[in-house]
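Chemist: Pasting a structure here, questions to come.
The values are calculated or read from the model by the stated rules, or taken from the named source; none is laboratory data. What you see is a predicted model; the values in this text were computed from it and never measured. Cβ: placed from backbone, ideal geometry, glycine included. Neighbour counts: every protein chain shown.
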């Protein structure tokens, strides 16, 4: 059955065979004068109908959401909410920050709700400011650009620490976040990509992932296409974009992601698990905003190598057909031979069995067992 939208498209773009086919639906086959008048009359009706269809479809297209418009809306809401929260700080209070670690232990007097670990590092040493991926604030992992809220003990973490577990988790989680940015910006606006979610990071799996709806089922990207996507991530190191954290009310996040059929459902569930029962943690990198519990790395200048390694088809019982996009990242402070990186990228291209996303979390399975494990949805661990 020919749809009205197909009729409009084919006739506007000049498919002659299609015009003949459609004409048979409208024209009455008789002889002589009746045929001529019927043809003229039905031609007039047909093109009048096409005019209405064209106006209708153009209006529909103008109402369609694109990744560009959705991203701009999120940035506008984010900026407005950030300004509102800053306006609530009526008086600057001082806090005492005890720094522990190289180059030396020291005490800093900083501004409550304004100063960040990054600001503290600026007062101590430039090397500390550039290489620190995360901070520990009273023993708790803390983003480098997250404001300090009380007197605290501060320690900085980087990739070459004796125990880099927390740093590796943040790097892998940031890789998934960057994948979301790449997928929303790599395609033309007529391809509306809807990001679904990504599971808690697992470095030993060999790759980080983002499950998405690309609206391109069965697409098998070539090596060249994967390289193009990889370059979008790799060039971020030269832009040196900060990862900025902001906690907002669930209603604000709901408005931000109302155009995403996955995230508008996830907002309420994630908010219910927050300490307040109604807050969502957002992160911003440039003009890309997403939900994740964090923490993330300090800035994109801490990336050395980035690669999108594979795209696999998966099926979710709640969300339907999705694509699992996988990648790998090497931090700036770790030099690696290109051959070794290629080998790691080949391994990262293999399907990552991180489980299947559902409305309540990721369903995974223990190795060699049928016992089901359920991981709560946390969009980034």
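Chemist: Between residues in the range 215-232 that are within 14 Å of residue 309 (Cα to Cα) and residues that are part of a helix (DSSP H, G or I) and at pLDDT 95 or above, which pairs lie under 6 Å by C-beta distance while being six or more apart or on different chains?
Modeler: Qualifying pairs under 6 Å: 229/182; 232/182.
Chemist: Counting residues that are closer than 16 Å to residue 303 by Cβ and either in contact with a strand residue (DSSP E or B) (Cβ under 6 Å, 6 or more places away or on another chain) or not assigned by TED's automatic domain parsing to the domain that holds residue 348 (or both), which helices (runs of 4 or more DSSP H) fully inside the range 109-211 reach at least 3?
Modeler: Working: elements: 117-124, 126-131, 165-185.
Here the list reads 165-185.
Chemist: Is there any pair linking a residue in the range 332-352 that is outside the structural domain of residue 129 (by TED's automatic domain parsing) and loosely packed, with under 11 Cβ neighbours inside 10 Å to one that is modelled with pLDDT of 95 or more and not in a loop (DSSP other than H, G, I, E, B), with Cβ under 6 Å and at least six apart or on different chains, and which?
Modeler: Filtered contacts from the range 332-352: no entries.
Chemist: Now, a different point. Which of the residues that make up the range 119-136 are crowded, with 20+ Cβ neighbours inside 10 Å and under 27 Å from the mean Cα position of the chain (by Cα)?
Modeler: Start the filter on the range 119-136 by keeping residues that are crowded, with 20+ Cβ neighbours inside 10 Å, which leaves 120-121, 128, 132-135.
Scanning the range 119-136 gives 132, 133, 134, 135.
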